[in-house]
Each structure stands twice: as structure tokens, then as C-alpha cells.
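What follows is a set of notes on a single structure, which appears directly below.
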Amino acid sequence: MTIPVLGFVAYSGTGKTTLLLKLIPILKKKNIRIGMIKHTHHKKFDIDHPGKDSYRLRQAGAEQMLVASGKRWALMVEMENKLDEPNLEQLLAHLNQDKLDLILVEGFKHENFPKIEVHRPSLDKPLLFPDDKSIIAIVCDEPSSIVTTLPIFDMNQPDLIAKFIEQSILPN
């Protein structure tokens, strides 16, 4: 893997997506080309919608469905029910890394790669970092509530988080 990979992990409902929606435009303005992988626990999610030709063709039995236009393309791959969840390494192989500077990952909290933990004490969930040595920083809505030697950022200051990512994750 030559492209830096950085994950954002937390319990559901903590604000990972909300934070990424703030961070990505900041990084993009700095001409950082971003790839994104998002894990979902919904086994049969769709990016395609009932009634669309591609959906109907997939439902008819196409195991791989690639939809393309001059602006974008998407590949849906049907997996057998008996298969385990794909791991991060398998999914990274599908990204065109020649066109990326950074890969952000939402989820995959049980895998070993650099991650930022997103935490909200008000949700009364335990912190992940004490048991996960691959967490390199924490983003929190109450930063003073956490005691650690890891960098801690206020989730309402995405510019500082982006600066940390630039300085500690991206090669010079």
C-alpha cells in the first residue's frame, strides 16, 4: 500500500460521517485527492434503486453490474450469502490508487491500520483507544473529558483535524 490510509472509527451515531463531510472539502481545497471506503452493517444495501435498468438487470441475476457515464462509474458485485464480510485490504485493491493521495475509511474498527477515534461522552459508550493501539488521535465534542497522551481535537474544529492529517499522515 503506497497511499496513506486513515480510518475514522466510533460507535454508530457518534458523528463519523458528519465529521468526514466537513473534513473532505477542507482536504480537497488543498488539492488532496481522496478515496473513500465506508463500511455498512446493512447486508443488502443498494446504491441502485428499484425500477432502474441496472437494478433490474442485477436482480435478474447479473453477479457484477457496472454502470457508467461520462461523469462517473459504479460497480456493484453480488457476494454469496455464505461469504464473510470483506476485509479492508480486499476493498482497497479496488481503488485506483494512481489517482489518489489519501484513502479515508469509515468503519473497520477491528482492523489494524491508523485510525482516529470519534467520541461523544454523552452517548455513554466506552472509548476504543485504550484497547486499540492503532488509534493515533481522538476527536471529541468534550475534549477535556479525555485523559491520554494521544492528540485530542474538538470535533467542531475540522481545520485543525485536517492540519493534523496533512502533517502526520501525508508524505511531505
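Quick look at the numbers
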quantity: Residue in the stretch 98-107 that is in contact with a helix residue (DSSP H, G or I) (Cβ under 6 Å, 6 or more places away or on another chain), assigned to a loop (DSSP other than H, G, I, E, B) and on the phi > 0 side of the Ramachandran plot present; calculated: no
quantity: Qualifying positions in the stretch 109-135 - closer than 24 Å to Pro86 by Cβ and among the aliphatic types (A, V, I, L, M); calculated: Ile116, Val118, Leu128, Ile135
quantity: Hits in the stretch 28-44 - residues which are assigned to a loop (DSSP other than H, G, I, E, B) and modelled with pLDDT under 90; calculated: His39, Thr40, His41, His42, Lys43, Lys44
quantity: Failed item, numbered, when Lys115 is tested on (1) touching a Ser or Thr at 6+ places or on another chain (Cβ under 9 Å); (2) under 13 Å from Thr14 (Cα atoms); calculated: (2)
quantity: Scope the stretch 112-128; condition assigned to a loop (DSSP other than H, G, I, E, B) and in contact (Cβ under 8 Å) with a residue 40 or more places away in the chain; matching residues; calculated: Phe113, Pro114, Arg120, Lys125, Leu128
quantity: Flag if Ser69 is more than 22 Å from the chain's Cα centre (by Cα), at pLDDT 80 or above and either hydrophobic (A, V, I, L, M, F, W, C) or more than 20 Å from Val5 (Cβ to Cβ) (or both); calculated: no
quantity: Scope the stretch 9-19; condition within 11 Å of Met155 (Cβ to Cβ) and either more than 11 Å from the chain's Cα centre (by Cα) or among the hydrophobic types (A, V, I, L, M, F, W, C) (or both); matching residues; calculated: Ala10, Thr14, Gly15, Thr18, Leu19
quantity: Residue in the stretch 129-136 that is outside any loop (DSSP other than H, G, I, E, B), β-branched (Val, Ile, Thr) and out of contact with any helix residue (DSSP H, G or I) (no Cβ under 6 Å at 6 or more places or on another chain) present; calculated: yes
quantity: Pair list, Cβ < 6 Å and 6+ apart or interchain, from the stretch 1-27 residues that are at pLDDT below 95 to residues that are surrounded by fewer than 21 Cβ atoms within 10 Å (Cβ to Cβ); calculated: Ile3/Gln97; Ile3/Leu100; Tyr11/Lys125; Thr14/Arg120; Lys16/Glu106
quantity: Selection within the stretch 129-142 - more than 22 Å from His110 (Cβ to Cβ) and surrounded by fewer than 15 Cβ atoms within 10 Å (Cβ to Cβ); calculated: Glu142
quantity: Single residue of the stretch 150-172 satisfying the filter (part of a loop (DSSP other than H, G, I, E, B) and in contact with an Asp or Glu (Cβ under 8 Å, 6 or more places away or on another chain)) that is farthest from Gly7 (Cα to Cα); calculated: Asn156
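The values are calculated or read from the model by the stated rules, or taken from the named source; none is laboratory data. Predicted, not measured: the structure shown is a model, and the values here were computed from it. Note: ideal-geometry Cβ built from the backbone for every residue, glycine included; neighbour counts use all protein chains shown.
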